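First the structure, in the form of structure tokens, and then the observations on it.
The values are calculated or read from the model by the stated rules, or taken from the named source; none is laboratory data. Here the structure is a predicted model, which is why all the values come from computation and not from measurement. Counting neighbours? That spans all protein chains shown, and the Cβs are built from the backbone with ideal geometry, glycine included. In case anyone asks, the SASA skips ligands and DNA or RNA and just uses the protein heavy atoms, side chains included. Shrake-Rupley method; radii C 1.70, N 1.55, O 1.52, S 1.80 Å.
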Amino acid sequence: MAFSMNSSSGLGRGRFRGTPALAEINIVPLVDVVLVLLIIFMLTAHVMDFGLQVEVPKVKPAKDGASYLNDRPVNIHLLADEIHKHFHKASSVYLRADRRTPFDPIAQVIATLGEAKLAVSVVTQPEDLTDKRR
């Protein structure tokens, strides 16, 4: 027979008999980390109060900028209808503006076309970097 005979009762406590399991969680490191995070938050919270005051353009009133569709003048309020009339399946529009144009009329056109469910892509011209190196 290949049985071992020992004096343990078979409950699996043979080696660790008499030592209770450690059932407590050490709270001190957790409290330390929480307090450090609280201090960091308190020191950086006032930084979030400062910001840049920017006056954003209002898009509802009509502006004095002239709008063109394929080099033909068009009323800004009729721009989306004209695009749908001339380009039946158009889902996106390329917007080109002079660099001296104030942003207000551009924002008005973008908002008007956005309300008409047209995607607006702004056409830009890259800067010539050769002039800046001199």
Query raised in the report: Stretched out fully, how many nm does the piece from ILE40 to GLU55 gain, at 0.36 nm a residue minus the Cα gap?
Result: 2.2 nm
**Report entry** Contour minus Cα-Cα distance for GLU82 and ALA119 (0.36 nm per residue)
**Finding:** 11.8 nm
Query raised in the report: Which residues' amide hydrogens lie under 5 Å from the amide hydrogen of SER67, considering only partners 5 or more residues apart or on another chain, with H built in the peptide plane?
Result: VAL74
Report task. Note down the accessible area of ILE25, probe 1.4 Å, to the nearest 10 Å². Result -> 140
Requested in this report: May I ask you to order 112-125, 89-102 by the average number of other C-beta atoms within 10 Å around their residues, highest value first?
Outcome: 112-125, 89-102
